[in-house]
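The values are calculated or read from the model by the stated rules, or taken from the named source; none is laboratory data. Computed from a prediction, not measured in an experiment: that's the story for all the values here. Virtual Cβ from ideal backbone geometry, glycine too; neighbours counted across all protein chains shown.
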Amino acid sequence: MFQKILIANRGEIACRIMRTARRMGIATVAIYSSADAEALHVREADEAHWVGPAPSAQSYLDIAAIIAAAQATGAQAIHPGYGFLSENAAFAEACKAAGIVFIGPDVEAIRVMGSKSEAKALMAGHGVPLVPGYYGAEQSDAALTAAAQEVGLPLLIKASAGGGGRGMRIVRDFAEFPAALASAQREARNAFGDPTVLLERYIENPRHIEVQVFGDTFGNVVHLHERDCSLQRRHQKVIEEAPAVHLTETQRATLFGAAIKAAHAVNYVGAGTVEFILDRAGGIYFIEMNTRLQVEHPVTERVTGQDLVAWQLRVAAGEPLPLSQSEITCRGHAIEVRVYAEDPDQNFQPSTGRLEHLALPAESAHVRVDTGVVTGDSVTPFYDAMIAKIITDADTRADALQQMQRALAHTEIVGVTGNIPYLQRILAHPEFQAGGFDTHFVDDQRDALVPVATATPPEVCLLLAAHAHHQTAHALRRYHAPAPEAGSPWETLVGFRLNEDPCFTFKFQRGEETLTLDLRQEGPSQVLICAGQELRFQIVSCEGARVEVKSATSRLHGAVVATARETHVFWSGTQHRFTPLSLLDTGEDETEAGGKLVAPMPGAVMAVLVEVGATVTRGTPVLVLEAMKIEHTLLAPFDGTVLEIRYRVGEQVLREGEELVKLQPLTEAIEV
């Protein structure tokens, strides 16, 4: 077995690999970019080496720098994790040339399966069912246009070297094909360094089922059952589970048989995932094979009781598979959600910034948390926005869902916008709870997943008032010297009123709701008047973020976190965000957008679609900004003329709100 390995990755997956390596007595070496110098995976490793600046192309994708770090530290093997160089044949070849074990399949398997076109051709020769399509090497616009006509509509354009939904476009009208092709090729080139695409008949409303396979150097190949990854957004998985529900044993046999055939076709070694889609009629079609560990591998670990990273390490060290096919069992049900820094209510716009507060559910026999960040760390625009993966399991799917709902209720994020409320709404949806949904669930249920505006619950008002009172009292005591005589009215200035009970007034904004909290001290109790209600309570404790209050009939527990701009209240599985207002605030909006197109987030400019002097109408695509591996097309906010373009293609926008394009509204150009 290896004595030391280098992990050529970052964040959650790097920390997860370290956990198994530590248990097996293997030392770990982390690599990091300038943006990750203080990251959790750097702090948890036995040693860490800098490999370059923040952009991944200059650090986590720098093969020479990573090989040099492995050689300098004496690492015997490199684990690539997922993403970055995990499916890069050149990286595997470089490891081999340097005498370092690549913890993954051999170079040829990566190369063949890394080309979706070549992989489809190989699968066809081994009896694996395929979707009708074009997988040819000829990539001219004319050839692809002709092939598109032959394949027919609806059509899927897909990056041959891609994954994670990048470089994919759906075409339902041939008039849209040229623009969709150019966009897919551009995204494929930027994400994978290869603009090659394939064309497939787009299967409407499919389910996405994948099979975990494992091979060793002795020719043994097994499967570790299937996962359902149909819950997706923009072709990226959001929630995964194992096993898949509503499958027949015949379908399972077909899936497992095809997956084993695919692995044998390339003499596969290590962990791999064979992905399939199921159409409405129950037909099964091969999509691709991922020659690495998957993000969603924990659900397989929970239902099989196996550590797949340990399997990877043992197989890479030359050992046979730990179990035979007959010894691998599937028990119970497991669910994984991906907690992201993004705003689902703003078209899933990525959110960057410092994690002012992060509380994740406690791990237990049925709850697992994989993360690469803690409070105080930052989510940057340079890498994936995942904060954590939460995995729950139980004997039944219903019980695993209940475990997940409770786990999410104990997840708190402040500093960036998280997708927790969105995940909670999905889990509560009747169709999700019934299972067997398809990949269009999120789009089909968009309206049902939109949050409904409600008044602030009185319980939240109590917690907010208690925290505001505690913070104000603490601040006043810090700056007031106690009076010499105990019991003097000047001993404290907390809410002091001449001939009246101590009183505070706090004002907050929450969405369209303006909340005024009048808090009066009456002996040991406080009386809160809010929205016409009078609530009498006592503050039991207010330590850090935790707040506890009690009334004559109940006791409330929650968390309140105040930042420079906002106050967040977490209660009963919900998060409420408030903006403190001055008591003199009129509530009038004093901001004005002006004739600007600004960056909604930091990112890289991938395309400028207009020229200075051009006239644009509202909704015209103006500029393409890439952030966290996703392209965002920015549209003209009104009819106008382009006066100035502030950024060129390839330049990095470092801050949210930066002006990208200056526009002059057409109405301003009219002279009377």
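Here is how the numbers come out for the structure above:
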{"read-out": "Of residues in the range 647-672 being exposed (fewer than 10 other Cβ atoms within 10 Å of the Cβ) and modelled with pLDDT under 85, the one nearest to MET601 (Cα to Cα)", "value": "THR667"}
{"read-out": "Conditions (1) touching a residue at least 40 places away in the same chain (Cβ under 8 Å); (2) within 22 Å of HIS208 (Cβ to Cβ); number of the one not met by PRO80", "value": "(2)"}
{"read-out": "Odd one out for HIS264, checked against (1) crowded, with 20+ Cβ neighbours inside 10 Å; (2) at pLDDT 95 or above; (3) out of contact with any helix residue (DSSP H, G or I) (no Cβ under 8 Å at 6 or more places or on another chain)", "value": "(1)"}
{"read-out": "Residue tally, condition within 25 Å of LEU449 (Cβ to Cβ) and either acidic (Asp, Glu) or touching a Cys at 6+ places or on another chain (Cβ under 8 Å) (or both), over the range 226-242", "value": "5"}
{"read-out": "Candidates ILE335, ILE277 - the one that is touching a Phe, Trp or Tyr at 6+ places or on another chain (Cβ under 7 Å), within 27 Å of PHE432 (Cβ to Cβ) and touching a residue at least 40 places away in the same chain (Cβ under 8 Å)", "value": "ILE277"}
{"read-out": "Conditions (1) more than 25 Å from ILE5 (Cβ to Cβ); (2) among the aliphatic types (A, V, I, L, M); (3) surrounded by fewer than 18 Cβ atoms within 10 Å (Cβ to Cβ): number failed by LEU323", "value": "(1)"}
{"read-out": "Residue in the range 322-333 that is assigned to a strand (DSSP E or B) and at pLDDT 95 or above present", "value": "yes"}
{"read-out": "Filter result for ALA271 (under 26 Å from ILE387 (Cα atoms), in contact (Cβ under 8 Å) with a residue 40 or more places away in the chain, crowded, with 17+ Cβ neighbours inside 10 Å and in contact with a Lys or Arg (Cβ under 6 Å, 6 or more places away or on another chain))", "value": "no"}
{"read-out": "Residues located in the range 190-205, provided they are acidic (Asp, Glu) and assigned to a loop (DSSP other than H, G, I, E, B)", "value": "ASP194, GLU204"}
{"read-out": "For PRO381: the one exception among (1) crowded, with 19+ Cβ neighbours inside 10 Å; (2) without any contact (Cβ under 8 Å) to a residue 12 or more places away in the chain", "value": "(2)"}
{"read-out": "Among (1) within 29 Å of ARG425 (Cβ to Cβ); (2) not in a helix (DSSP H, G or I) - the single one GLN306 does not satisfy", "value": "(1)"}
{"read-out": "The range 103-130, residues that are surrounded by fewer than 21 Cβ atoms within 10 Å (Cβ to Cβ) and closer than 13 Å to ALA258 by Cα", "value": "LEU122, ALA124, GLY125, HIS126, GLY127, PRO129, LEU130"}
{"read-out": "Any hit, the range 278-300, residues being touching a His at 6+ places or on another chain (Cβ under 6 Å) and either more than 29 Å from ALA180 (Cα to Cα) or surrounded by fewer than 20 Cβ atoms within 10 Å (Cβ to Cβ) (or both)", "value": "no"}
{"read-out": "Failed item in (1) part of a loop (DSSP other than H, G, I, E, B); (2) polar (S, T, N, Q); (3) in contact (Cβ under 8 Å) with a residue 60 or more places away in the chain, with GLN139 passing the rest", "value": "(3)"}
{"read-out": "Extreme residue, surrounded by the most Cβ atoms within 10 Å (Cβ to Cβ), among residues of the range 426-478 that are free of Cβ contacts under 8 Å to residues at least 12 places away in the same chain and basic (Lys, Arg)", "value": "ARG446"}
{"read-out": "Answer from GLY219, GLY257 - the residue that is free of Cβ contacts under 8 Å to residues at least 12 places away in the same chain, more than 24 Å from ALA400 (Cα to Cα) and over 19 Å from the mean Cα position of the chain (by Cα)", "value": "GLY257"}
{"read-out": "Selection within the range 347-378 - without any contact (Cβ under 8 Å) to a residue 12 or more places away in the chain and under 17 Å from MET601 (Cα atoms)", "value": "ASN347"}
{"read-out": "Failed criterion for ALA341 (all others in (1) closer than 22 Å to GLY11 by Cβ; (2) in contact with a Pro (Cβ under 6 Å, 6 or more places away or on another chain); (3) buried (at least 22 other Cβ atoms within 10 Å of the Cβ) hold)", "value": "(2)"}
{"read-out": "Residue check, ILE66 farther than 26 Å from GLY650 by Cα and crowded, with 22+ Cβ neighbours inside 10 Å", "value": "no"}
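Residue by residue, here is whether (1) under 21 Å from HIS235 (Cα atoms); (2) under 23 Å from the mean Cα position of the chain (by Cα) holds:
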site	(1), (2)
ALA121	no, no
HIS126	no, no
TYR134	yes, no
GLN139	no, no
GLU150	no, no
LEU155	yes, no
ALA188	yes, yes
